[in-house]
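Undergrad: Let me give you the structure first, and then I'll get to my questions.
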Amino acid sequence: MTAIAIPQKTPQKKKRRALFGKRFKMTVGGTILAVAVLCAIFAPLLTPWDPDQQDLLVRLKPGFWSDKGAPGHFLGTDNYGRDLLSRLIYGSRLSIMVGVSAMLLSALIGSTAGVIAGLKGGWTEQVIMRFADAQMAFPDILLAILMVAALGGNATNLIIVLGISRWMVYARVVFGLTRSLKQRPFVEAATLYGGKDFYVMWRHILPQVAPVLIVVATLQVAQMILQETALSFLGLGIPPPAATWGNILAEGNTRLFIAPWIANFAGLSIIALVWGVNMLGNGLREHYDPKMVGR
Amino acid sequence: MILRYILRRLAFLPLTLLLVALATFVVLRLTGNPVDIFLDINRTPEQVEALTQRLHLDLPIPAQFLIFLRDLLHGDFGESLQFSGSAATVVWDRAGATFQLAGTALGLAVLLGVTGGIVCAVWRDRLVDTIISSIAVAGQSMPSFWLGMLLIEFFALQMRWLPTSGYGEPRHLVLPAITLATILLPNFVLITRTSILELMGEQFVVTGRSKGLSRGRVLITHILPNAINPVLSFLGIQIGTLMAGSIITETIYAWPGVGRLLIGSIFKRDVPVVEAAVFFIATTIALANLTVDVLQMLIDPRIRRS
């Protein structure tokens with residue numbers, strides 16, 4: 001808006017290009033995510049050891065960087081002599097599965113609630129959005145902690161809990177967009193032609209909201225993965241001996257002094273995947289909304 | 001005017017707290033019978049009955065909720081099952097440690113984050129900006145508990161400069177505060193950067209520059225005062241993240257605050273303490289948000305008028 005009012009008198013300095021453009025971000029992020037997903041899918045082919053196979057003769061052995069290591073265990077072993085690399089690769093299965101499923105669940109709940117609130121307005125809007133506000137004031141991890149404590153930790157419960165704890169992120173974004181879309185001619189026309197609510201949502205609102213939804217959803221996958229590992233770390237995730245990144249990290253925490261590599265490689269795996277997903281999300285955001293490049 | 005605004009905001013407080021109370025109650029009653037979990041195998045029927053009555057578990061659920069609400073109004077969550085004394089006192093005794101940690105971390109995060117954000121915005125897309133922004137994005141991907149472990153590994157185990165855990169002296173505070181601050185720091189860098197960059201396109205900034213003010217002067221007199229508000233409102237949102245992060249940080253460093261008490265009490269099924277701790281955290285967040293809103297209104301007259 002302001003750009004129109006001001007004549008561009010001063011010659012603009014030559015536009016400096018950001019070092020990391022959107023294409024770079026999307027490529028790097030997408031590659032990391034793709035590699036992680038492929039590793040998770042083909043875990044049985046890639047891992048030299050069974051992730052749960054214990055071998056007490058080689059417990060807490062370091063990996064390739066030390067000559068005291070046990071042969072064949074590239075990243076060393078944990079307290080029960082289980083192969084760390086195999087456990088990390090199998091752990092990516094649970095982390096990615098929980099992260100993506102929880103994201104899908106919360107996106108489904110949140111965008112449905114947001115579209116309905118935006119389209120209906122009035123009383124419906126007040127109930128849905130005030131409820132979202134109230135839940136915003138309540139830390140999501142606190143809700144997740146309480147619910148896991150109540151329901152018990154397993155993959156299904158974790159997905160449900162994480163899905164419910166973050167629906168309002170989508171609801172708020174989608175609500176705002178729907179409310180402004182509602183006044184656009186093509187939506188008004190569809191409504192006036194007698195289009196049912198569901199038809200208007202599916203055919204006219206959703207395609208418009210989709211780019212924003214994709215960006216938010218991608219960034220939320222990263223949050224979900226972090227949240228899952230945090231819960232596992234607190235002892236409220238999928239219970240051990242299941243190989244999840246959070247569990248491996250928590251085990252590593254108790255043996256930080258004698259076997260620091262357990263925690264370090266688990267942490268590295270988490271940060272690499274989450275960073276990749278964040279990069280992809282940021283790249284997508286710049287792609288769909290060039291105005292927000294500054295962010 | 002200001003008073004009326006504060007009063008109107010205060011009127012919403014009970015509603016939020018009622019929802020918190022309801023959520024806590026529902027979730028904890030789903031956990032099954034606390035009596036079964038808390039008493040060991042050698043319990044006598046008399047013990048079971050005494051505890052059932054003490055927690056009002058013999059009454060119907062709606063009645064239990066009403067009793068819960070009534071006691072809540074008196075600040076009474078019942079007696080703790082694992083400690084002697086009332087749950088409210090047990091939580092309150094640990095509040096100081098949590099406030100100390102959270103306050104230090106928040107101060108650190110705001111100070112460094114805003115400075116970093118300003119630097120990034122002023123030298124946009126230069127090397128400094130690229131480096132700081134990249135670190136910030138990487139920081140957002142960092143699980144805070146792993147950072148805590150790395151700090152312990154390096155500063156406590158390798159260098160032996162700082163203790164791995166403990167409470168009381170300033171040196172005990174260093175590592176936990178850094179860990180907790182790092183959760184918020186990247187967000188503050190990025191939000192400050194964005195806010196300033198958005199302001200740089202505003203008319204009053206362009207006018208300031210075209211009438212001959214230097215870049216630095218425009219930054220200090222026109223941009224920064226206007227950037228306070230978006231950063232403040234973001235700070236309000238981050239209070240929840242801060243309290244959630246303190247739960248994890250306290251667990252890593254065995255910091256004797258409310259967060260660690262909460263996690264410990266969940267595993268011990270100490271229902272009154274869990275209720276009191278959750279309620280304490282939610283109330284802190286609500287009050288902090290209220291403070292931020294009032295501050296924003298005091299700073300920016302535009303909000304007062306709307």
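Undergrad: Once the piece of chain linking B:Arg54 and B:Ile135 is laid out straight, how much longer is it, given 0.36 nm per residue of separation minus the C-alpha distance between them? Before the final figure, lay out the partial values.
TA: On the way: separation 81, 0.36 × 81 = 29.16 nm, distance 5.28 nm.
Length difference between fully extended and current span is 23.9 nm.
Undergrad: Dipole of chain B (Lys/Arg Cβ +1, Asp/Glu Cβ -1, origin at the Cα centre): which of B:Ile191, B:Leu72, B:Ile285 lies farthest to the positive side?
TA: Going by the charge dipole, the pick is B:Ile191.
Undergrad: Taking the Cβ of A:Thr47 as the center, what net charge do the other residues with Cβ under 13 Å away carry, scoring Lys and Arg +1 and Asp and Glu -1? Before the final figure, lay out each step's value.
TA: On the way: positive: A:Arg82, A:Arg87, A:Arg93; negative: A:Asp50, A:Asp52, A:Asp83.
Result for the neighbourhood of A:Thr47: 0.
Undergrad: Additional query: On a 0 to 90° scale, report how tilted helix A:22-41 is relative to the longest principal axis of chain A, with both axes built from alpha carbons and the result rounded to the nearest 10.
TA: That works out to roughly 50 degrees.
Undergrad: In addition: Given the Cα-Cα distance of A:Ala155 and A:Ser180 and 0.36 nm per residue of separation, how much length would full extension add, in nm?
TA: Details: separation 25, 0.36 × 25 = 9.00 nm, distance 3.80 nm.
Value of the extension gain: 5.2 nm.
Undergrad: What average number of partner chain Cβ atoms lie no more than 10 Å from the Cβ of the residues making up A:143-153?
TA: For this peptide, the per-residue mean of nearby foreign Cβ atoms is 5.
Undergrad: Roughly how many whole Å is it from the C-alpha centroid of segment B:160-193 to that of segment B:262-306?
TA: After rounding, the separation between the Cα centres reads 21 Å.
Undergrad: Still on this model: Using the beta-carbon distance between A:Arg130 and A:Val37 and R0 = 45 Å, what value does 1/(1 + (r/R0)^6) give for FRET efficiency, to the nearest 0.05?
TA: Here the calculated transfer efficiency is 0.70.
Undergrad: With r as the distance between the Cβ atoms of B:Val26 and B:Ile237 and R0 = 30 Å, compute the FRET efficiency 1/(1 + (r/R0)^6) and round to 0.05. Please list the in-between numbers first.
TA: Numbers: r = 25 Å, r/R0 = 0.85.
After rounding, the FRET efficiency stands at 0.75.
Undergrad: Which FRET efficiency value, to the nearest 0.05, do you get for B:Leu66 and A:Trp202 by plugging their Cβ-Cβ distance into 1/(1 + (r/R0)^6) with R0 = 56 Å?
TA: Numbers: r = 44 Å, r/R0 = 0.78.
Once the sixth-power term is evaluated, E becomes 0.80.
Undergrad: If one takes the accessible area of chain B alone plus chain A alone and subtracts that of the pair, with a 1.4 Å probe, what total in Å², rounded to the nearest 100, results?
TA: Values: alone 16880 and 16690 Å², together 29410 Å².
What B and A bury together is about 4200 Å².
Undergrad: Follow-up. With a 1.4 Å probe on protein heavy atoms only, tell me which residues of segment A:118-140 lose at least 30 Å² of accessible surface in the complex relative to the chain by itself.
TA: A:Ala134, A:Ala137, A:Phe138, A:Pro139
Undergrad: Can you grab the distance from the C-alpha centre of segment A:255-289 to the C-alpha centre of segment A:76-109, Å, no decimals?
TA: The two parts, judged by their Cα centres, are 13 Å apart.
Undergrad: Under the rule that an exposed site lies in a DSSP loop and has at most 12 other Cβ atoms within 10 Å, name the longest stretch of chain B with no trypsin sites (Lys or Arg not before Pro) of that kind, not counting the sites themselves. Don't jump to the answer; show the numbers that get you there.
TA: Values: sites that count: B:Arg160, B:Lys211.
Maximal segment without exposed cleavage sites: B:1-159.
Undergrad: Moving on. Out of every Cα-Cα pair in chain B, what percent are more than 28 Å apart? Show your work: numbers first, answer last.
TA: Values: 24652 of 46665 pairs.
Cα-Cα pairs in chain B separated by more than 28 Å: 53 percent.
Undergrad: Length gain on complete extension for the stretch B:Leu127 to B:Asn226, per 0.36 nm per residue less the alpha carbon to alpha carbon distance? All intermediate terms of the calculation are to be shown ahead of the outcome.
TA: Numbers: separation 99, 0.36 × 99 = 35.64 nm, distance 2.60 nm.
Once the chain is fully extended between B:Leu127 and B:Asn226, it gains 33.0 nm.
Undergrad: Right, another one. How many Cβ atoms of partner chains, on average, are near each residue of B:265-275 if near means within 10 Å of its Cβ? Walk me through the numbers on the way to the answer.
TA: Working: counts 1, 8, 4, 0, 1, 0, 0, 0, 0, 3, 1.
Shielding by partners across B:265-275 averages 2.
Undergrad: Then there's this: So what is the 222 nm mean residue ellipticity for chain A from helices alone, if each DSSP H run of at least 4 adds -39500 (n - 2.57) and you divide by all residues, rounding to the nearest 500 deg cm²/dmol?
TA: On the way: 13 runs with 198 residues, N = 295.
After summing the helix terms and dividing by residue count, I get -22000 deg cm²/dmol.
Undergrad: Counting Lys and Arg as +1 and Asp and Glu as -1, each charge on the Cβ, what is the dipole of chain B about the Cα centre in debye, to the nearest 20?
TA: Working: 23 positive and 20 negative charges, 312 e Å.
My answer is approximately 1500 debye.
Undergrad: Only helical DSSP H runs with n ≥ 4 go in: add -39500 (n - 2.57) per run for chain B, normalise by residue count and round the 222 nm mean residue ellipticity to 500 deg cm²/dmol. Please list the in-between numbers first.
TA: On the way: 14 runs with 233 residues, N = 306.
Roughly -25500 deg cm²/dmol at 222 nm, from the helical runs in chain B.
Undergrad: Using a 10 Å cut-off on Cβ to Cβ distances, tally the other chain neighbours for every residue of B:136-142 and report the average as a whole number. Don't skip to the answer; put the middle values down first.
TA: Working: counts 0, 7, 5, 2, 8, 13, 6.
Mean shielding count: 6.
Undergrad: How many times 2.2 N^0.38 Å is the alpha carbon radius of gyration of chain A?
TA: On the way: Rg = 23.5 Å, N = 295, 2.2 N^0.38 = 19.1 Å.
Here the answer is 1.23, to two decimals.
Undergrad: Per residue, how much accessible surface does segment B:79-198 expose to a 1.4 Å probe? Answer in Å², no decimals. Please list the in-between numbers first.
TA: Working: 5160 Å² over 120 residues.
Here the residues of segment B:79-198 average 43 Å² of exposed surface.
Undergrad: Relative contact order for chain B using alpha-carbon pairs under 8 Å, separation at least 6, rounded to a whole percent?
TA: Numbers: 309 pairs, mean separation 78.4, N = 306.
Computed over chain B, the figure is 26 percent.
Undergrad: Now a separate question. Could you tell me what a quarter of the Cα convex hull surface of the protein assembly as shown works out to, in nm² with one decimal place? Write down the numbers at each step before the final one.
TA: On the way: hull surface 132.9 nm².
So the mean shadow area of the Cα hull is 33.2 nm².
Undergrad: Turning to a different aspect of this structure: Would you tally the net charge around A:Thr178, using a Cβ to Cβ cut-off of less than 12 Å, leaving A:Thr178 out, and scoring K and R as +1, D and E as -1? Mind dumping the intermediate values first?
TA: Working: positive: A:Lys120, A:Arg172, A:Arg179, A:Lys182, A:Arg184; negative: A:Glu125, A:Asp197.
Summing Lys/Arg as +1 and Asp/Glu as -1 gives +3.
Undergrad: A further question on this structure: Which net charge results for the neighbourhood of A:Ala190, defined as the other residues with beta-carbon distances under 12 angstrom from its beta-carbon, given Lys and Arg at +1 and Asp and Glu at -1? Show your work: numbers first, answer last.
TA: Numbers: positive: A:Lys182, A:Arg184, A:Lys196, A:Arg203; negative: A:Glu188, A:Asp197.
Its environment carries a net charge of +2.
Undergrad: For segment A:144-214, just the Cα set please: Rg and Dmax, both in angstrom.
TA: For segment A:144-214, the Cα radius of gyration and maximum Cα-Cα distance read 17.2, 51 Å.
The values are calculated or read from the model by the stated rules, or taken from the named source; none is laboratory data. These numbers come from a predicted model, not from an experiment. Ideal geometry is used to build each Cβ from the backbone, glycine not excepted, and the neighbour counts take in all protein chains shown. The accessibility values were calculated without ligands, DNA or RNA, using every heavy atom of the protein model including side chains. Shrake-Rupley method; radii C 1.70, N 1.55, O 1.52, S 1.80 Å.
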